[in-house]
1. Kindly provide the set of residues from segment 1-18 that are more than 9 Å from the chain's Cα centre (by Cα), surrounded by 10 or more Cβ atoms within 10 Å (Cβ to Cβ) and under 18 Å from Asp49 (Cα atoms), ordered by number.
2. Restricting attention to segment 2-20, which residues are in a loop (DSSP other than H, G, I, E, B) and small (Gly, Ala, Ser)?
3. Restricting attention to segment 21-60, which residues are under 21 Å from Ser5 (Cβ atoms) and not in a helix (DSSP H, G or I)?
Amino acid sequence: MAGDSFTSTDLLVPSYVSWYLKFKLLEPHPAFTTFTERHQQHPAARRADEIDDAMLAQQK
């Protein structure tokens, strides 16, 4: 999150914040939504989503 490389923390923290916002466990604030939206656009985050989607498809 604060370093030069993208790590699992860079995927985990935004997904928690997004989940908390979705279920109204965290007050909506522009900084939170901007934070999660920006991280969801990162190529590594997109790739992680693709991997998750592929794994879910295999379970059906």
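1. Taking segment 1-18 first, the residues more than 9 Å from the chain's Cα centre (by Cα) are 1-9.
If we keep only those that are surrounded by 10 or more Cβ atoms within 10 Å (Cβ to Cβ) as well, we get 1, 6-7, 9.
Hits for segment 1-18 are Phe6, Thr7, Thr9.
2. Step one: filter segment 2-20 for residues in a loop (DSSP other than H, G, I, E, B), giving 2-7.
Answer for segment 2-20, where residues must be in a loop (DSSP other than H, G, I, E, B) and small (Gly, Ala, Ser): Ala2, Gly3, Ser5.
3. Scanning segment 21-60 gives Gln41, His42.
Throughout, read-outs are computed from the coordinates displayed, never taken from laboratory work. The structure presented is a predicted model; accordingly, all values stated were derived computationally and were not measured. Ideal geometry is used to build each Cβ from the backbone, glycine not excepted, and the neighbour counts take in all protein chains shown.
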